[in-house]
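Read the structure below first, then the notes.
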Amino acid sequence: MKLDTIHSKILEQLQINARISNTAIAKQVGISSPAVTERIKKLEDSGVIEGYYAKVSHLELGYHFRALITVRAFMGRLKPFLHNVQSFEEVVNCYRITGNENIVMEVVLNNQHHLEKFIDQLITYGETKTQIILSNVVLNNPILKK
């Protein structure tokens, strides 16, 4: 799909607030609300828009720690890890990466004891490194068309 500046402005508005009305977007980008609706539908159908999500507070749900954990899988343990990682309720995001480690995960945890138990579960798959997330510096910055 060929994107023009109007598409880019619509995408920017949706990335800032996915619940913004089509009327509000239309006012921001200078086209009619039905035209915005049609463009959004085309963006969804083409796969440019992959979905819409609610941002949930880990703190309000009782998770007082967020961490990044990398895993350097032992020989023959990467595939079992990839199969099982989706069942770990602590994992918010998981990426397969290049470099010395194979995996980086963002996790939410109740407390330090929960972190220790989770790491004990992970070390059967490989060597781990953990960094506690202190705060967000940049979060969900809109992706703009080049």
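Residues in the range 1-60 that are of a type in the set (A, V, I, L, M, F, W, C), assigned to a loop (DSSP other than H, G, I, E, B) and touching a Ser or Thr at 6+ places or on another chain (Cβ under 9 Å): MET1 alone.
With the condition kept exactly as written, say whether any residue in the range 65-76 is exposed (fewer than 12 other Cβ atoms within 10 Å of the Cβ) and closer than 30 Å to GLU127 by Cβ.
Scanning the range 65-76 turns up at least one residue that is exposed (fewer than 12 other Cβ atoms within 10 Å of the Cβ) and closer than 30 Å to GLU127 by Cβ.
Does any residue of the range 102-109 turn out to be more than 24 Å from ALA54 (Cα to Cα), of a type outside the set (A, V, I, L, M, F, W, C) and in contact with a Lys or Arg (Cβ under 9 Å, 6 or more places away or on another chain)? Yes: one or more hits.
The residue that is surrounded by the most Cβ atoms within 10 Å (Cβ to Cβ), counting only those in the range 99-110 that are within 19 Å of the chain's Cα centre (by Cα) and either within 22 Å of GLU60 (Cβ to Cβ) or among the aliphatic types (A, V, I, L, M) (or both), is VAL107.
Residue-wise test of (1) surrounded by 11 or more Cβ atoms within 10 Å (Cβ to Cβ); (2) of a type in the set (D, E, K, R); (3) under 23 Å from the mean Cα position of the chain (by Cα); (4) at negative phi.
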position: GLU12; (1), (2), (3), (4): yes, yes, yes, yes
position: GLN15; (1), (2), (3), (4): yes, no, yes, yes
position: THR23; (1), (2), (3), (4): yes, no, no, yes
position: ALA26; (1), (2), (3), (4): yes, no, no, yes
position: ILE31; (1), (2), (3), (4): yes, no, no, yes
position: LEU43; (1), (2), (3), (4): yes, no, yes, yes
position: SER46; (1), (2), (3), (4): yes, no, yes, yes
position: HIS58; (1), (2), (3), (4): yes, no, yes, yes
position: TYR63; (1), (2), (3), (4): yes, no, yes, yes
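ALA67 meets the conditions (1) assigned to a helix (DSSP H, G or I); (2) under 15 Å from the mean Cα position of the chain (by Cα) in every case but one. The failed one is (1).
Contact map, the range 1-19: residues that are of a type in the set (Asp, Glu) paired with residues that are surrounded by fewer than 12 Cβ atoms within 10 Å (Cβ to Cβ), Cβ distance under 8 Å, separation 6+ or inter-chain. Pairs shown: GLU12/PRO142; GLU12/LEU144. Within the range 86-95, one or more residues are assigned to a helix (DSSP H, G or I) and at negative phi. When the residues of the range 111-146 are filtered to those that are at pLDDT 95 or above, within 20 Å of the chain's Cα centre (by Cα) and in a loop (DSSP other than H, G, I, E, B), the one that is surrounded by the fewest Cβ atoms within 10 Å (Cβ to Cβ) is LEU134.
Does ARG77 satisfy the condition of being touching a residue at least 12 places away in the same chain (Cβ under 8 Å) and in the same structural domain as ALA24 (by TED's automatic domain parsing)? Taking the combined requirement at face value, the residue does not satisfy it.
Whenever a residue of the range 118-143 is more than 20 Å from PRO80 (Cβ to Cβ), its partners that are surrounded by 13 or more Cβ atoms within 10 Å (Cβ to Cβ) and not small (Gly, Ala, Ser), lying with C-beta atoms within less than 6 angstrom and at least six residues away or across chains, give the pairs THR130/ILE69; GLN131/LEU68; ILE133/ARG66; PRO142/GLU12; PRO142/GLN15.
The values are calculated or read from the model by the stated rules, or taken from the named source; none is laboratory data. This structure is a prediction, so every number in the text was calculated from the model and none was measured. With ideal geometry, Cβ positions are generated from the backbone for all residues, glycine too; neighbour counts draw on all protein chains shown.
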